[in-house]
Amino acid sequence: MEGIHQLIRELSWNQPENIQQNAVEKLSNLKGKDVILLAIQSNELCSKSCWDNAAIVLGNIGYPNNRAALPYLMELFQDLTWPGVRPIITTLKDINKKILIPFIENASVRAINKHDDCWANGIIYLINELDFTEADFNDLR
């Protein structure tokens, strides 16, 4: 694929709409570990201005092709006002609960260990949005 890094930069809301749409279209064909580049927040490549479009791309890629990004997507819930939260929730709703639960549990433990109440509340919000119940988590034991 032509210049993945350049295409990711073109996802920025600072770019003209046609440039953003072209980047979304081309990046929607990403495969393998490259999808992680769309999911890592606060990096120079995929900065906050790119997160909304990156989330759309990850939804377009779909599961299982976006699986490598799942652990990184949990970090997005550190702040529910961040761009990309809504489209990521929509994307996660299409993934089987049994696949998501280990990622959610891991993020929950990390949030608690870091004493990050915002993140913990973001994970709770995600759990509620996904309509998970306590039984869903107990079923895996």
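Numerical summary
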item: Modelled FRET efficiency - R0 22 Å, W13 with D116, Cβ distances, 0.05 increments; result: 0.25
item: Cβ-based net charge around K48, under 14 Å, with every Lys or Arg adding one and every Asp or Glu removing one; result: -3
item: Debye, to nearest 20: dipole size of the range 4-138, +1 on Lys, Arg Cβ, -1 on Asp, Glu Cβ; result: 380 debye
item: Euclidean distance of C-alpha centroids, the range 29-53 and the range 116-130, integer Å; result: 21 Å
item: Estimated translational D of the range 1-41 in µm²/s (Stokes, Kirkwood radius over Cα pairs; 37 °C; 0.692 mPa s); result: 317 µm²/s
item: Ordering of 67-73, 29-35, 55-61 by packing [mean C-beta count within 10 Å, highest first]; result: 55-61, 67-73, 29-35
item: Length gained when the stretch N106-S28 is fully extended (0.36 nm per residue, less Cα-Cα span); result: 25.4 nm
item: Rg(Cα) / (2.2 N^0.38 Å) computed for the range 4-138, rounded to two decimals; result: 1.03
item: Set of lysines with alpha-carbon distance to K98 below 21 Å, sequence-local pairs under 8 removed; result: none
item: Least to most buried among Y63, Y125 (fewest other Cβ within 10 Å first); result: Y125, Y63
item: Relative contact order, percent, the range 4-138 [alpha-carbon distance under 8 Å, six or more residues apart]; result: 21 percent
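Read the figures in this text as sums done on the coordinates, not as results from a lab. Because the structure is a prediction, the values reported are computed rather than measured. All Cβ positions, glycine included, derive from the backbone under ideal geometry; neighbour counts span all protein chains shown.
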